[in-house]
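The values are calculated or read from the model by the stated rules, or taken from the named source; none is laboratory data. Computed from a predicted structure; not experimentally measured. Neighbour counts run over all protein chains shown; Cβ positions are idealised from the backbone, glycine included. We work out accessible area using only protein heavy atoms, side chains counted, and drop any ligands, DNA or RNA first. Shrake-Rupley method; radii C 1.70, N 1.55, O 1.52, S 1.80 Å.
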Amino acid sequence: MSQPQTRPYTEHRPAYHFLPPAGWMNDPNGLIHFRGEYHLFYQHNPESAVPRNIVWGHAVSKDLVHWKHLPIALRPDKPYDKDGVWTGCMVDDGGVPTAVYTGVHPEVQCIATSKDMMSWEKAPENPVIAAPPPGLQVTGFRDPYVWRSRDWWYAVVGSGIQDVGGTILLYRSRDLRRWEYLEPALVGEKAKTGEMWECPNFFQLGRKWVLWTSPVPLGRVLYFVGTFRNHRFTPEYQGEMDLGGCFYAPQGFRDARGRRILFGWLWETRPEKMSVEAGWAGVQSLPRQVSLSPEGRLLFKPVAELSRLRREHVNLPAQLLRSGEEVVVKGIAGDCWEMFAEIHPQEAQKCGIRIVHTADEAQVTTVLFSQANGTLSVDRSHSSRYEEVARDVRSAPLSLKDGEPLRLRLFVDHSVLEVYANEHTCLTSRIYPQGTGGYQPHLFAEEGTARLMRIEGWILDAIW
Ligand code: DQQ
C-alpha cells in the first residue's frame, strides 16, 4: 500500500522494510511462525504518526520478506488495558495462538487467544499477573516474554528495582493463567545498565542462554550471553546489538527451521512535525538471524530470503584503492540497494563507503572504518540539507584480527541505512536527504592504500 502522493517526504518512505499502511509504529510484538506463516504484530497508532492510542497492528508473510496487512489484533478496550495494549509475545499453546502482553494502567500482564489468527479474545482470568511481586519497589513492570520448558511455561517480565537497576523478573505457570513468581533472574547496576529493562528476550542458543533488553534511559539494546541454572542467569559476555542510534526493542522468535530471528524498531530521527506531515513514523529492521560465535558473542545476518529482492547485479574486479582516489560502484544507484564489500585495509588508516546522493552530491553519509581508532562509524553530519534532522556520528568498536578483511554489508532503503560488519557489529541509521534520486556508493581509502577483494551490489525490489 502506498502513501497518497499529496503527502510530503514520500522519498523517505522505505520500500522493502516493513511498515504499516499509515500512522505510527514502534516495537515488534507477538512474533511467531505458525502453521507455515510468519506473523508480525506491532505497537501501532493507525490514526497519526505519533505514539498515542496504541493498538496491536498485524501482518503475515510466507517468506519474511513480502507482507500482507491484516486487521488490528488488539485494542485497549478492557478496564485492565484501557490505557494501552503494550508490548508482548506470542506462544503456541497446544495449537492455540496466545498473546501475552502488558495492559496499562497500572502495568499488568494479560493474555488473549485466537482460533484463526484474525479475531482475538481476551481471557476472563485477566490480568493474569495483576501486580509486581510484593515488597519490591519497581520502576516498571512490562513486556512479558514467554517460553516453554518441559511441563512449565516460563516468563520474564521487564522491570527495575528502585535505586538498584534494571532487572528481569522470572515467573512460571502450568497454564499461562496462574503464574508463580520465582525471583529476579538478573539484576543490573543502574549506573551502568540503566534503571528499567524494557522488552527483555531470554532464550537458549546452543549451549548458552541469551538475554537482550532495551534499558531506560540508555535508548539502545544490550545483550548478555551466559549460563542459566537454578533460576539464575550468570552473564559471561556483554555486547551491544546495534550502535547506530535508532534501533530499539527488538523481539526474536524461533522459526520452524530452528532459526532465531529478530526484528527491531527503527525510530525516526526527524522532528515529529515532519513525521506527522509525512503521515507515518517507524520502520521494522530487516529480519536478522542470530547465532553465536565461537567466542560467545552474538552474530547477526539478514535472513537469506532477502536475496529474493535482488535485481540488477554488479560485480567489480579486485583492485587497489589508493588514498585520495574513489571507486564509484556504477550500476548501483537509487533508493533501494544492497552491497557487499570485502576490503583489506592494509596500511590505509581509514577506508569505507560514501553514500552519495545522486542529485546533490553535497548530501553524503559516510561509513568509515578507522584502523587507528578501532572503530566503525556512520557519519550523518552531511547527510541532509534539512537543518532539523539529526546529524551525528555513531561509532562501534571494531578491530580486525591479523589478516582478517573488513566485510561490510549495506542495505539502503530510502531513509534507512543498515550496516553489518563482519557479522557481529551493526550500525543502523536513518537519513533524510532533500530531493529524489537516491544514492550511489563510492569506496575510498585514506592515509595509505587498501585492497578491494570483492565488491558486489544489487538493486533491490520493493515488497509491496
Ligand atoms: N514500548 C511499549 C512498552 C515498551 C516500550 C509501549 C519500548 O511496552 O516498554 O509502546 O519501546
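Quick notes on this one:
- Dividing the helix sum by the residues of the chain, where each DSSP H run of 4 or more adds -39500 (n - 2.57), gives a mean residue ellipticity at 222 nm of -500 deg cm²/dmol.
- Normalised per residue, the accessible area of the stretch 45-136 is 44 Å², obtained with a 1.4 Å probe and no contribution from ligands, DNA or RNA.
- Per-bin percent of Cα-Cα distances, the stretch 20-302 [5 Å]: 1, 6, 13, 18, 20, 19, 14, 7, 2, 0, 0
- Where the stretch 311-460 is the region considered: accessible area per residue in Å², 1.4 Å probe: 39 Å²
- The residues of the stretch 142-292 present an accessible area of 38 Å² per residue when probed at 1.4 Å with all protein chains retained.
- A simple spin-label model places the labels of residue 446 and residue 308 4.1 nm from each other, with each point 7 Å out along Cα-to-Cβ.
- Rolling a 1.4 angstrom probe over the stretch 311-460 with all protein chains present gives an accessible area of which 46% lies on carbon and sulfur atoms.
- Leading residue at positive end of dipole, the chain (Cβ point charges), from 247, 278, 211: 211
- Here the label points at residue 407 and residue 391, each 7 Å from Cα along the C-beta direction, are separated by 3.6 nm in the simple model.
- Of 78/208; 68/122; 82/301; 330/401; 122/192; 190/401, pairs whose Cα-Cα distance is over 28 Å: 78/208; 82/301; 330/401; 122/192; 190/401
- Computed over the chain: relative contact order in percent, which uses C-alpha pairs under 8 Å that are six or more apart: 14 percent
- A cut-off under 15 angstrom between Cβ atoms defines the neighbours of residue 301, and their net charge, with Lys, Arg +1 and Asp, Glu -1, is 0.
- If the segment from residue 174 to residue 464 were pulled out straight at 0.36 nm per residue, it would be longer than the present Cα-Cα gap by 100.3 nm.
- Distance between the 7 Å Cα→Cβ label points at residue 361 and residue 373: 2.5 nm.
- 11 Å beta-carbon shell around residue 159, net charge (K/R +1, D/E -1): -3
- Theoretical FRET efficiency, 1/(1+(r/R0)^6), r = Cβ-Cβ of residue 10 and residue 191, R0 41 Å, to 0.05: 0.40
- Mean Cβ count within 10 Å, highest first, over the residues of peptides 320-326, 373-379, 128-134: 373-379, 128-134, 320-326
- Listed values for the stretch 93-99 are Karplus-derived 3J(HN,Hα) couplings in whole Hz (6.51 cos²θ - 1.76 cosθ + 1.60, θ = phi - 60°), namely 9, x, x, 9, x, 10, 8, and x replaces Gly and Pro.
- Carbon/sulfur fraction of accessible area - the stretch 65-178, other protein chains in place, 1.4 Å, %: 50 percent
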